Structure formats: structure tokens, C-alpha cells
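Working notes, beginning with the structure itself.
Nothing in this text is a laboratory measurement; each read-out follows from the coordinates by a stated rule. The model shown is predicted, which means the values in this text are computed figures rather than measured ones. FYI the Cβ positions are ideal-geometry reconstructions off the backbone, even for glycines, and counts take in every protein chain you see.
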Amino acid sequence: MNIYLAELIGTGLLILLGSGVVANMLLSKTKGYGGGIMEISTAWALAVFVGVVVAGPYSGAHLNPAVTLGLALTGQFDWALAPGYIIAQVLGAMIGVGIAWLIYKDHYDATDDAGLKAAPFGTSPAIRNLPLNFFSEVIGTFVLLLVILYNDGVEIGDGNKTPIGMGSLGAIPVAFLVWVIGLSLGGTTGYAINPARDFGPRLMHQILPIKGKGSSDWSYAWVPILGPCVGAALAAGLFLVAGS
């Protein structure tokens, strides 16, 4: 599979399932209506697992411009490939959230609250305090990237240090990582920790003909875009200074 196509499909699956669980928990008359952060965080973690399993063998499964940035800053990824990766991630996120919207369209139509209709698309703060919201996204992504950077290249082997391939199990550590970030740090902003995850779906919220959808809140959009980039850069800096 082409590396860019792998990033598009992997990110699309991630957002399809991630947006889908938010819609299932929050929109009217769904089978999952009334669920909370445990269900949402768990499904997002498993969505990451799915995306990594599909894209990992072909592109390394960044699925996140912040991951691409962090790996490039530490010299583990070719800068020349970064624009294509990021474009593929954003397009994949747009496609994934569009499919999730279509699946739940009747439930969007049955929901009156514009805020609930926006929730499966972009993140929003529980309490709007932009400096602290920004800090939350920085720290969440810092944790994500730091663990990814230090986990990179870890091998499971036998007594003779012969590597044993983990296959799909190699996606489990990052799934657990996203899970704990969501449960521990996600209560403030909804933990975008991924610029493509927020920008692509927010753009689709603007474009799609969603009845009574309200504002796409572009005045907040810089927080889940810039915050993760800063967090990734800080994690990369620490990794380079402290050593691998």
C-alpha cells in the first residue's frame, strides 16, 4: 500500500470510530445514549489500535501531524515526506467523520442541542479558558509523543535477543497510551492531541448540511491545532537533550 494512502485510510478509520462513539454517546435516540468518558476514552483507544494495525506496516501509522512533527524533529522521519503525511491525515479525518455523520444522520436530525451535534466533529473545552485549554493540549500531546519516542524501536526477543515480531500486538501500547491520556487529562478539552483529528472534522462540520448545527467555533480551533504541535516539539526537545 502507498504510504500516503495508508495514512489516509488509517486516520479515516480512527476518526470514523472515534467520532462514531461520541455520536453514539451524545446524540438523541441512539442505542448508546447517555454514556460517558469511560466509554468514549476506551473507544478512542481501540480506534487508535485499529488505525495502527492497518497503516502500521506501510507508513508507520503516524495518523497525527503531531506524531509526524515529533519524529521529524528527532531525525526519525524524513521532512520531505511530512507534508504528504499531514495532508493524507487531514483528508482521512474528513472522510472518516463524514461517514460517521452519514451513519448517525437520523440522530443528528433528532438532536436539538447544537453543542451536542458539534461534539462528534471538533473538540471543545469544558470550561473556556484559552491559556489553560492550550496548556492542556500541550501537556497531553507531550505525554503522547514522549512515550512514543521512547517506545520506538523496542523489541521483544528470546534469550539470544532474536527479535520476535509482535504483529498487531505492537499497536497495543499506543492504544493504552491514548486511553490513559483520555481518562486522566481529557476532562478539560476533550484531548484532541491531534491537529488532523480536530481540523478535518471541524471543517466538515462547517461544510456538511447539518440541520441546526450552530457555530463551528473557529475562534477555538487554534488550541487543538497549535497546542499538540507545541507539545510534540517539547517532547522531541527533551528526547534529544536527555538522549534515547
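Normalised by the number of residues in the chain, the mean separation of alpha-carbon contacts (under 8 Å, six or more apart) gives a relative contact order of 29 percent. Pairs of Lys residues in the stretch 3-242, spaced 8 or more positions apart or belonging to different chains, with C-alpha separations under 25 angstrom: 13 in total.
Sorting 10-17, 98-105 by average packing, meaning the other beta carbons within 10 Å per residue, from highest down gives 10-17, 98-105. As I understand it, the dipole of the stretch 3-242 uses +1 on the Cβ of Lys and Arg and -1 on the Cβ of Asp and Glu, about the Cα centre. Which of Y108, V223, A61 lies farthest toward its positive end? Farthest towards the positive pole: Y108. Seen against the Cα atoms of the chain and their longest principal axis, helix 195-207 is set at about 20 degrees. Counting Cα-Cα pairs of the stretch 1-92 in 5 Å increments starting at 0 gives whole-percent bin shares of 3, 16, 21, 20, 15, 11, 8, 5, 2, 0. Positive contributions from Lys and Arg (+1) and negative ones from Asp and Glu (-1), summed over other residues with Cβ under 12 Å from the Cβ of S219, come out at +1. Placing +1 on each Lys and Arg Cβ and -1 on each Asp and Glu Cβ, with no other charges, gives the chain a dipole about its Cα centre of roughly 420 debye.
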